[in-house]
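Right, one structure below, let's go through it.
The values are calculated or read from the model by the stated rules, or taken from the named source; none is laboratory data. Predicted, not measured: the structure shown is a model, and the values here were computed from it. Note that each Cβ is placed from the backbone with ideal geometry, even for glycine, and that neighbours are counted across all protein chains shown.
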Amino acid sequence: MARIKLIDPEKFDDDPVIKGICSWVTEMEGRIPNHFKIELNFPEFFKAKLGATKVLWEMGELSIGEIQYIGIAVSRANQCPYCTAAFSTILTHGLKVDDQYAQQYIEKGSAVIEDPRTRHLVEFALKVNSEAFKTTDEDIDQLRALGLTDKGILQLIHLVSDFTSYNQLNLALDTDYDYREVWKELAFSVFSINEKNID
C-alpha cells in the first residue's frame, strides 16, 4: 500500500493544465495510473514535473518509441517494477508493439533490439544512469553520428534523469501497482536473477 494518499484527479477538473496532462497519459496508457495520483499530493509540482516530462517526450529529437525503450531499460536497471510496467504499457498499448517482443526486451535487454540507433541510445542511457562520470567525447561523437544534435543529446540525458526520479519516487513510496501482472512478474524475475548474480 502506498505510503502517502492517492488523490482523485477529478478534484482538479477545473485546472486545465492538470486535466491536459491526465488526458495525455490516458491516451498513452488507457487510464490515469496511481503514480499520477501520488504526484497530485503536490499539484503545483505535478504541473511542472509532468509538464516537463511531456516536453521531453514530444519536443526533442528522439521518437516516442525510442523513449519508451530507454524508460524500460533505466527502470529495469534501477529495479523499479512499477515504472518498468508503466513504460511497457505505453510500448504495447500506446505504440502497439507486440507483447511477446516487449517481454523479451524486459528479460534480455538491449540485445533484442534490432534497430541499431535505438540499441545504441539505450546502451548510452544505461551508461549515464550507472556511471555518468565515465562518459567520453567518443560517446558524444557516436550520438552525433546517429543524427542527434546538441538538443537531442541534452534530451537523452534529461530523459535518464527524469526516469530515475520516477523510479526513486515509486520505490520509496511503494506506489500501489496497477498494471498487468505479466509486467510485474517479469520485472521481479529479472531483479531476482540480478540479485543472485551479485551474490
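Condition (residue is over 16 Å from residue 163 (Cα atoms) and basic (Lys, Arg)) applied to segment 65-79: is it met by at least one residue?
Checking segment 65-79: not a single residue is over 16 Å from residue 163 (Cα atoms) and basic (Lys, Arg).
Just to check your reading of the model, which residue among 131, 107, 138, 114 is within 17 Å of the chain's Cα centre (by Cα) and not polar (S, T, N, Q)?
Only one candidate qualifies: 107.
I'm trying to understand the selection: among the residues of segment 13-29, which are under 19 Å from the mean Cα position of the chain (by Cα), surrounded by 13 or more Cβ atoms within 10 Å (Cβ to Cβ) and not polar (S, T, N, Q)?
Selection gives 21, 22, 24, 25, 28, 29.
Could you list all residues from segment 50-66 that are within 20 Å of residue 10 (Cβ to Cβ) and either aromatic (Phe, Trp, Tyr) or more than 13 Å from the chain's Cα centre (by Cα) (or both)?
Residue satisfying the conditions is 51 alone.
Does residue 74 satisfy the condition of being within 16 Å of the chain's Cα centre (by Cα), modelled with pLDDT of 95 or more and in a helix (DSSP H, G or I)?
When the stated conditions are applied, residue 74 passes them.
If residue 43 passes every condition in (1) in contact (Cβ under 8 Å) with a residue 24 or more places away in the chain; (2) buried (at least 17 other Cβ atoms within 10 Å of the Cβ) but one, which one does it miss?
The single condition residue 43 does not satisfy is (2).
So residue 94 clears everything in (1) in contact with a Ser or Thr (Cβ under 7 Å, 6 or more places away or on another chain); (2) in contact (Cβ under 8 Å) with a residue 60 or more places away in the chain; (3) surrounded by fewer than 18 Cβ atoms within 10 Å (Cβ to Cβ) except one condition, right? Which one?
Among (1) in contact with a Ser or Thr (Cβ under 7 Å, 6 or more places away or on another chain); (2) in contact (Cβ under 8 Å) with a residue 60 or more places away in the chain; (3) surrounded by fewer than 18 Cβ atoms within 10 Å (Cβ to Cβ), residue 94 violates only (1).
Residues are listed down the side, and each one gets a yes or a no for (1) in contact with a Gly (Cβ under 7 Å, 6 or more places away or on another chain); (2) closer than 18 Å to residue 170 by Cβ:
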position: 21; (1), (2): yes, yes
position: 70; (1), (2): no, yes
position: 104; (1), (2): no, no
position: 109; (1), (2): no, no
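Sort out for me the helices (runs of 4 or more DSSP H) sitting completely within segment 113-178 that have 1 or more residues that are surrounded by 14 or more Cβ atoms within 10 Å (Cβ to Cβ) and among the basic types (Lys, Arg).
116-131
Being within 22 Å of residue 99 (Cβ to Cβ), in contact (Cβ under 8 Å) with a residue 60 or more places away in the chain and of a type in the set (Phe, Trp, Tyr): is that true of residue 82 here?
For residue 82, the condition - within 22 Å of residue 99 (Cβ to Cβ), in contact (Cβ under 8 Å) with a residue 60 or more places away in the chain and of a type in the set (Phe, Trp, Tyr) - is met.
Yes or no: residue 63 touching a Cys at 6+ places or on another chain (Cβ under 9 Å) and among the polar types (S, T, N, Q)?
no
When you go through 86, 73 one by one, which is the residue that is over 28 Å from residue 5 (Cβ atoms) and surrounded by 22 or more Cβ atoms within 10 Å (Cβ to Cβ)?
73
What's the number of the only condition in (1) in a helix (DSSP H, G or I); (2) modelled with pLDDT under 95 that residue 19 fails to meet?
Result: residue 19 passes all but (2).
Please verify whether segment 29-52 includes one or more residues that are part of a helix (DSSP H, G or I), modelled with pLDDT of 95 or more and touching a Gly at 6+ places or on another chain (Cβ under 8 Å).
no
Is there any pair with a first residue in segment 102-115 that is under 14 Å from residue 77 (Cβ atoms) and aromatic (Phe, Trp, Tyr) and a second that is exposed (fewer than 15 other Cβ atoms within 10 Å of the Cβ) and at pLDDT 90 or above whose Cβ atoms are under 8 Å apart and which are 6 or more apart or on different chains, and what are they?
Here the result reads 105/112, each pair linking segment 102-115 to a residue that is exposed (fewer than 15 other Cβ atoms within 10 Å of the Cβ) and at pLDDT 90 or above.
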